[in-house]
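Notes for the one structure printed next.
The values are calculated or read from the model by the stated rules, or taken from the named source; none is laboratory data. Fair warning: this is a prediction, and the values are worked out from it, not measured in the lab. As a convention, Cβ positions derive from the backbone with ideal geometry for all residues, glycine included, and neighbour counts pool all protein chains shown.
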Amino acid sequence: MAFLVASRRDGYAYRRLPFFTNLELSLGPHPSDEVVWYLAETLYSIRLQATYFTSLDLSYANRLLSPHLPLAFVIASLTTLKRIFLEGFGRNCGSMIRRMQSALLDVKLFREGKNCREGIEFPLLHPDNDPILLLQPFHLTLQSFRTDLPIHALHGLRYLNMTTLNLGNIEKPAVSIYVAAFPNLLRLAISFRTTDVLHPSGESDNRRLSIAQQVQYDTWRSLDKVEGELDDLYMLGLTCPVNEVEIVGIFMPYPFSCSPEDTAQAHMIRELMMCARPRRVVLSFVGTAWLVDTWNFEFLCEETALQSLESLEFRVIVGEPHEDAEHMEDFLTCVDIVLSSLGPARFSLTLDWSQAEPQMDVESGLLVTPWDELRDLALDEHVSCFLRSSRQASEMHLVGPDGWRRDVVHYSMAPRSSGSEIPVASASSEGASLAGASA
């Protein structure tokens, strides 16, 4: 924004306007009309001079694009945009998109986002505001679309160049409809707004219906990547091969018992892997408890669909730092044993402590941060152990509060015979000192 202000009165900044390429702007939920007018005038100057201006990212977009202000008209008149991200989507955003003259390649429409946490009024009271219908003028150019808005109108629409799709608010699986609308899709991330009810056997009515529809109609020949929560991917019921499967939000139900409901996660993962036949797998856990549990640990060790993968990655979101720290050594031991059973070519483990909240120490009455636990983790030692089971490389990433991180990677330099030593090359980096971070 400082550059835009300077461009109005500084000759050097003004001369640089033709080379202006992107704008990311968050003015908060209640910008003054004067500021929005000023922004519209500046964007009009960009429209006249900046032929390389291709990317626009607006937070609280619905307020900025109010019909009594000129900003929506100016943005709609731009012809060079390739990428537009709108957070705080509402009716005003939909009205602007209908008038846009740019040939868009990448669109993101969210009611909330990283800079916009307040829910905007429900924008889809009229069927014409369905985002898929709004984007129909770009059906020949659009390559990537991400949204958390409800989508209803897919029948009869075709986006032939769409390769990346992230849908965060879908009513129910209808793979045959998605295949017809996005026949050349490569990457899919999906989340349903309805939950599925599993039968005691772990079966799902929605999954069975989805699989039957794919058999009757069609499915994709293959996908490069599919991402989502376990329940959603299971309910989706894809039958085509998928090179990479990423399952997020795997958690340990509490209290846990060996009932069919509590062991259903292992069943769902097995079914997913058997259908997708992936070469790369990412499993994201909430806490360490899931893998340490005997039932899940044995399942991973014995799952043939996970053996000899090209790449296996575990990500752990540490929410209760001291509770997870107490089980960390057990967790890392389990990881080592799982790797020895699965033997992936490459393995990566990320321990993400960035969301961990300080906790009250019962004895001292003081707030305790997870720095001690972070200090005590011997990353090089663990990565070296992992490399004995992974054929090419092992890596471990430690993410702490305030942007601190440490990364350790070990590479196997040559093939090894049974019982021989492992030739190793290693690399490590650290984002900040623990001492400085905890001072």
Total residues in segment 58-73, condition closer than 15 Å to Ser102 by Cα and either at pLDDT below 85 or under 27 Å from the mean Cα position of the chain (by Cα) (or both): 0
Would you check if Arg406 is modelled with pLDDT of 80 or more, farther than 18 Å from Leu312 by Cβ and in contact with an Asp or Glu (Cβ under 8 Å, 6 or more places away or on another chain)? yes
Looking only at segment 264-306, filter to residues that are under 17 Å from Cys334 (Cβ atoms) and among the hydroxyl-bearing types (Ser, Thr, Tyr); which one of those is modelled with the highest pLDDT? Ser284
Every listed condition ((1) at pLDDT below 95; (2) within 26 Å of Ile46 (Cβ to Cβ); (3) part of a strand (DSSP E or B)) holds for Asn169 save (2)
Selected residue [buried (at least 19 other Cβ atoms within 10 Å of the Cβ), in a helix (DSSP H, G or I) and over 25 Å from the mean Cα position of the chain (by Cα)] from Cys301, Cys334: Cys334
Against the condition of a type outside the set (D, E, K, R) and out of contact with any strand residue (DSSP E or B) (no Cβ under 6 Å at 6 or more places or on another chain), how does Leu78 come out, does it pass? yes
Does Arg47 satisfy being of a type in the set (D, E, K, R), within 32 Å of the chain's Cα centre (by Cα) and either over 20 Å from Asp106 (Cβ atoms) or surrounded by fewer than 20 Cβ atoms within 10 Å (Cβ to Cβ) (or both)? no
Of the conditions (1) crowded, with 18+ Cβ neighbours inside 10 Å; (2) in a helix (DSSP H, G or I), Tyr38 clears all except one; give me its number. (1)
